[in-house]
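Let me begin by presenting the structure, written as structure tokens, before commenting on it.
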Amino acid sequence: MHRLSRSLQEKTAKYKKQLSDCCDLSKGKHVVLLDPSMPAWSKQAYRFYSNQSAAEKMRMEDEIKRYHDSCTEAAARSRAAELSILENMRRQSLYCLQKSLSDSREILLKLDEVALR
């Protein structure tokens with residue numbers, strides 16, 4: 001009876017350690033070394049989930065890179081649009097000034113004509 005109790009306690013402790021290691025792995029804290037006394041199916045499952053976790057991490061890194069690239073491109077387009085708007089405003093202002101200058105010259109020419117008469 002005492003032997004069964006001790007065996008049960010040891011297996012429970014081992015299970016809790018493996019569970020906490022697995023949880024730490026899924027949170028990315030550290031890599032757990034495989035226990036040689038683990039059954040073969042448990043090692044295979046561990047490797048499967050470890051590989052699956054690594055694949056998920058790579059997918060997330062790729063997604064972050066695509067998002068970063070997309071944000072960079074959007075910022076560049078935004079700057080180009082702002083520059084285009086500012087340049088159009090400058091051209092419009094220059095056009096108004098040139099129109100005023102042209103009108104003023106025309107008025108001066110008419111005044112010179114009237115003054116010469």
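The values are calculated or read from the model by the stated rules, or taken from the named source; none is laboratory data. Please read these numbers as outputs of a predicted model, since none were measured by experiment. Virtual Cβ from ideal backbone geometry, glycine too; neighbours counted across all protein chains shown.
Tabulated results
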item: ALA45 exposed (fewer than 10 other Cβ atoms within 10 Å of the Cβ) and at pLDDT below 65; result: no
item: Check on LYS57, at pLDDT 80 or above, surrounded by 10 or more Cβ atoms within 10 Å (Cβ to Cβ), touching a Gly at 6+ places or on another chain (Cβ under 9 Å) and farther than 24 Å from LYS11 by Cα; result: yes
